[in-house]
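Read the figures in this text as sums done on the coordinates, not as results from a lab. Quantities reported herein were computed from a predicted structural model and do not represent experimental measurements. Neighbour counts run over all protein chains shown; Cβ positions are idealised from the backbone, glycine included.
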Amino acid sequence: MTTHDAKTTTPTMVRAPMGATVLELDWADGHTSVLPNAFLRGYCPCAGCQGHSGEIKFIPGNNAEIVTLEEVGSYALLFNWGDGHSSGIYTFRFLRRLGELSAAEQGAAGPRPAISRTVT
Ligand SMILES: [Zn+2]
């Protein structure tokens, strides 16, 4: 179980080419998560975007251009967005969860669910 968890939350490759509208993350278990930039930005987990509620809500409409991204420790990614926002720390576990959510959505309309803080 521990081994499985480690593989599903260990990225082996991150692709976010300049001008692209999606981020691709390859994981150690062979899975690839495809995350639209706007989807990622909407789920920014920082307190500035989310307040102090226990859930992370999708907040649409913010700048979704990824200027740069950096690894934080060896557990998370931090994005620098086109409007200068850069306080969201996306843990690998949270990114994996977002990937599942994005894949399940398949273009379906409707409200996006809030995500529990326990996965971050
Ligand atoms: Zn934020």
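For the chain, can you list the cysteines whose C-beta has no other cysteine C-beta under 4.7 Å from it?
So, 46.
Is the shape of the chain best called rounded, prolate or oblate, per the rule: a/c under 1.5 gives rounded, else a/b larger than b/c gives prolate, else oblate, with a ≥ b ≥ c the square roots of the Cα gyration tensor eigenvalues? Provide the component values of the computation, followed by the final result.
Details: a/c = 1.31, a/b = 1.19, b/c = 1.10.
Cα axes put the chain in the rounded bin.
Starting from the Cα-Cα distance between residue 87 and residue 52, subtract it from 0.36 nm times their residue separation and give me the gain in nm to one decimal. Could you put the intermediate results ahead of the total?
On the way: separation 35, 0.36 × 35 = 12.60 nm, distance 1.44 nm.
Additional length available on full extension: 11.2 nm.
So for the pair residue 75, residue 108, with labels modelled 7 Å out along Cα→Cβ, what separation do we get in nm?
Each label point is offset 7 Å from its Cα along the Cβ direction, giving 3.2 nm.
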